[in-house]
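Nothing in this text is a laboratory measurement; each read-out follows from the coordinates by a stated rule. For clarity, every value in this text was computed on a predicted model and none was experimentally measured. Cβ: placed from backbone, ideal geometry, glycine included. Neighbour counts: every protein chain shown.
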């Protein structure tokens, strides 16, 4: 069962996946290595979060969830909501909090979304504005954001709300506990978020794709 459980991560680190399903990463690691048997509460939470068939997970019977949706109506395409907000790859776009609700959808293949490490239920479309993340992200680029990621677990490109601004930045964790918001465009200086201001930094998701996988 450990290997089947591990396969549900779909490109996420153990820390990221543990955060999504609400357990400590050491607990998840023990389940994946077969050192302990999952409790029923964990299994039901996993089913609610990922939609996994527990019969497949525990007994190995049935169909792997990644294989679902590749055939049948719609050819395996799923509607992904588009958020009516443009995170700024620049100084920051002032918007009300929280982020607006989904207002449009665009269809993507379920198997492709899973290959880039995003569960379809947590995928959202956003469009960037500004040039601070150029050449990685250009003005107007479509981004697929994994909104299940609500905390910074390692370096990557995230959509965050900071100081009332929605921005997309490369985020780096410092050994001192600080957080650096970095632009890929060298014309922009990095910004350090002090430890005492980190509660004001709201992570809205991690960018997984922008005209190419991240």
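Across segment 125-149, no residue has a backbone nitrogen under 16 Å from the label position 7 Å along the beta-carbon direction of residue 107. Between residue 58 and residue 176, residue separation times 0.36 nm minus the direct Cα-Cα distance comes to 38.3 nm. For the pair residue 191 and residue 14, the difference between a 0.36 nm per residue extended length and the Cα-Cα distance amounts to 60.9 nm. The peptide list 125-135, 19-29, put in order of mean Cβ contacts within 10 Å with the highest first, becomes 125-135, 19-29.
Using the alpha-carbon positions of segment 2-67, Rg (one decimal) and Dmax (whole number) come out as 10.8, 28 Å. Maximal additional length on extending the residue 150-residue 7 stretch stands at 49.4 nm, based on 0.36 nm per residue less the C-alpha distance.
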